[in-house]
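Only one structure is covered here, and it is reproduced in the block below.
The values are calculated or read from the model by the stated rules, or taken from the named source; none is laboratory data. Remember, it's a predicted structure, so these values are computed and weren't measured experimentally. Cβ: placed from backbone, ideal geometry, glycine included. Neighbour counts: every protein chain shown. Just the protein is used for accessible areas: all its heavy atoms, side chains included, with ligands, DNA and RNA removed. Shrake-Rupley method; radii C 1.70, N 1.55, O 1.52, S 1.80 Å.
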Amino acid sequence: MTTEEFLLDRFGPLMSIADVAGILGRSADGFRVALYSDGDVSRRLRPTMVRIGRRVYFRTLQLADALGLDSPEVNGILLHASQS
């Protein structure tokens with residue numbers, strides 16, 4: 001199961017601010033402040049935002065791409081699979 005499949009199964013096509021904050025290990029209020037400030041995370045996540053009425057949601061598949069959740073890179077280090 002890929003990360004995208006897991007997120008779709010768990011959250012559906014749209015994620016709330018509380019859902020994204022939980023994935024990132026932040027409080028919803030702290031994530032909201034970071035989202036509306038000018039930073040690296042906010043620049044990557046703003047294109048994934050959708051407003052429905054007064055509520056803000058994030059497109060799950062775009063969020064997984066923006067955060068690089070399926071990427072073999074962790075903390076800027078590219079991980080290579082060992083070859084036998």
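What are the residue pairs meeting all of these: first residue in segment 53-67, first residue closer than 13 Å to Glu5 by Cα and among the aliphatic types (A, V, I, L, M), second residue buried (at least 17 other Cβ atoms within 10 Å of the Cβ) and modelled with pLDDT of 95 or more, Cβ atoms under 7 Å, and 6 or more apart or on different chains?
Leu63/Met15
Quick one: what pairs do we get from segment 1-12, first residue aliphatic (A, V, I, L, M), second in a helix (DSSP H, G or I) and surrounded by 10 or more Cβ atoms within 10 Å (Cβ to Cβ), C-beta under 7 Å, 6+ apart or different chains?
As it stands, the answer is Leu7/Thr60; Leu7/Ala64; Leu8/Thr60, since those pairs meet every condition given.
Residues of segment 1-26 being under 20 Å from Arg54 (Cα atoms) and of a type outside the set (Phe, Trp, Tyr), which ones? If you could, list the steps in order and put the result at the bottom.
Pass one, segment 1-26, residues under 20 Å from Arg54 (Cα atoms): 11-21.
Once the filter is applied, which keeps residues that are under 20 Å from Arg54 (Cα atoms) and of a type outside the set (Phe, Trp, Tyr), segment 1-26 yields Gly12, Pro13, Leu14, Met15, Ser16, Ile17, Ala18, Asp19, Val20, Ala21.
Select the helices (runs of 4 or more DSSP H) contained entirely in the chain, then report the ones holding at least 1 residues which are open to solvent by 80 Å² or more (accessible area, probe 1.4 Å) and modelled with pLDDT under 90.
Numbers: elements: 3-11, 17-24, 28-35, 40-45, 60-67.
It comes to 3-11, 40-45, 60-67.
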